[in-house]
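Handing you this structure, nothing more for now.
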Amino acid sequence: AHPPPPPPPTTMDNPSQEATYYRRIAKREFYDWARSAGFLRGRGGGGGVVAAPGATYFRAPAPGEPVIIAGLQRRPELNGRRGEVASGGLDGEGRIMVRLRDGGSLRVLPQRLVPDGVAG
């Protein structure tokens with residue numbers, strides 16, 4: 001959609017100039033891809049963002065929110081267990097503390113939790 005990028009600066013002795021050049025190319029390629037994939041309308045970026053067909057969005061569960069554990073592979077016996085989010089944020093490994101209804105607690109990746117009202 002865009003004309004080919006200009007050739008790189010003849011001397012790449014200036015790291016700032018080189019970074020600016022490649023950043024501009026990467027940004028142009030990203031926006032071309034995003035537009036072709038249906039994420040953007042029109043030219044340029046910003047303001048024209050639209051959702052892809054059938055897109056769903058992830059939201060980390062809040063403390064106290066009831067959840068069901070789903071999709072664990074190393075401990076499949078825990079799948080289907082109900083609990084409540086105990087911590088408000090992710091730990092250093094990207095996990096959330098969940099307090100199980102039948103006692104105990106464990107740290108789970110947020111993508112392995114389903115809101116309790118949705119699962120069935």
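Where a number appears in this text, it was derived from the coordinates with a stated rule and is not lab data. Note that the structure is a prediction, hence the values are computed from the model and not measured. Cβ placement follows ideal geometry from the backbone for every residue including glycine, while neighbour counts extend to all protein chains displayed.
Run the quick spin-label model on ILE25 and ARG107: label points 7 Å from Cα toward the beta carbon, then report their separation in nm to one decimal.
Computed distance between label sites ILE25 and ARG107 equals 4.1 nm.
Treat each spin label as a single point 7 Å out from the Cα along the C-beta direction, and report the ASP13 to ASN79 distance in nm.
Distance between label points: 6.2 nm.
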